[in-house]
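To keep things clear, I will list the structure first and then write my remarks on it.
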Amino acid sequence: MDAYFAAQIVAAERPLLAAGEPLMARAARGLATQIEAELGKKGGPILLVVGAGNNGGDALYAAAELSNWGRLVQVLPVAGRIHQGGLQAALDTGAELLAEPGAPVAELVAAVGEYAPRASVVVDGVLGTGSAGRAALRNPAREVVAVLSQLRSAGQLGLVVAVDLPSGLDCDTGEVPDPAVLPADLTVTFGAYKVGQLVGEGPRLCGRLHLIDIGLGPQLSQLSPTQVG
């Protein structure tokens, strides 16, 4: 299988972003569509745990799509700042903000302990490919992910969906530099498979992989993929 390193993905995205291509919107729509397909006729809240970067932005714009489609969406920020455009889009469509960005760790841990077991889907939108080489989570995200991992181990979580990769997994090496990581049932990845999803701890932590085409094909064709498997 062809897979790419984070720097290659960034290189492929750069000219498209400079040209104004809506890569985040495509990723968010693909993520929302896959979550909707997984839920089918099943109800229940969708809880999104969101970090500061573009990974969180993908999740937040997906939250807006899902809310528009009539889903009950809840957002838990685990960083002092999150993607403002994505947050506003989610709130404008009726998503519920469970805590303000920058809320104390204790408040976030209490919120995730209360709301996560009730959710049909928990979406991990904390860290993405931009964390290559520094995948270890920091507080408050680390504490929240640790609680989620414990709930999952106890069979108290619904479907866990990772945005691009499970937070805490290095997307280049498949290594886990810190034990705080939430295994996913499904990882929705964008543009191309990443090497770290397919080697090391990647297969165990990613669960099922679903690839969303966001239009990187022409740029990726100029790069050399890594053959995995």
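Here, each number is a calculation from the coordinates, and none is a lab measurement. Just so it is clear, the structure is predicted and the values come from calculations on it, not from any experiment. All Cβ positions, glycine included, derive from the backbone under ideal geometry; neighbour counts span all protein chains shown.
Segment residue 105..residue 93, full-extension length gain: 1.6 nm, with 0.36 nm per residue of separation and the alpha-carbon distance subtracted.
Percent of Cα-Cα pairs more than 16 Å apart in the range 1-115, please. Cα-Cα pairs of the range 1-115 separated by over 16 Å account for 63 percent.
Please give me the summed charge of the neighbours of residue 144: other residues whose Cβ is under 15 Å from its Cβ, Lys and Arg +1, Asp and Glu -1.
Spelling it out: positives minus negatives among the neighbours equals -3.
Cα axis of helix 105-115 to longest principal axis of the chain: angle in degrees, 0 to 90, nearest 10? Tilt of helix 105-115: around 80 degrees.
Here the mean projected area of the convex hull built on the C-alpha positions of the range 156-224 is 5.0 nm². In the calculated pair distance distribution of the chain, what percentage of Cα-Cα distances lie above 23 Å? Percentage above 23 Å: 42.
Once you reduce the range 110-174 and the range 175-229 to the center of their Cα atoms, the two points are 16 Å from each other.
Excluding residue 95 itself, calculate the net charge of residues whose Cβ lies under 12 Å from the Cβ of residue 95, where each Lys or Arg counts +1 and each Asp or Glu counts -1. My count for the surroundings of residue 95 gives -2. Over all other residues within a Cβ to Cβ distance under 15 Å of residue 118, the charged ones net out to +1, with Lys and Arg as +1 and Asp and Glu as -1. Return one number: the angle in degrees, 0 to 90 and rounded to the nearest 10, between the long axis of the Cα atoms of helix 54-68 and the longest principal axis of the Cα atoms of the chain. Approximately 60 degrees, to the nearest ten.
With the highest mean first, a sort of the peptides 177-190, 3-16, 30-43 on other beta-carbon atoms found within 10 angstrom per residue produces 177-190, 3-16, 30-43. When the alpha carbon coordinates of the range 50-179 are projected onto the principal axes, the ranges are 37, 30, 26 Å, largest first.
Measure nothing but the geometry: give the 0 to 90° angle between the long axis through the Cα atoms of 141-153 and the longest principal axis through the Cα atoms of the chain, rounded to 10°. Rounded to the nearest ten degrees, it is 80.
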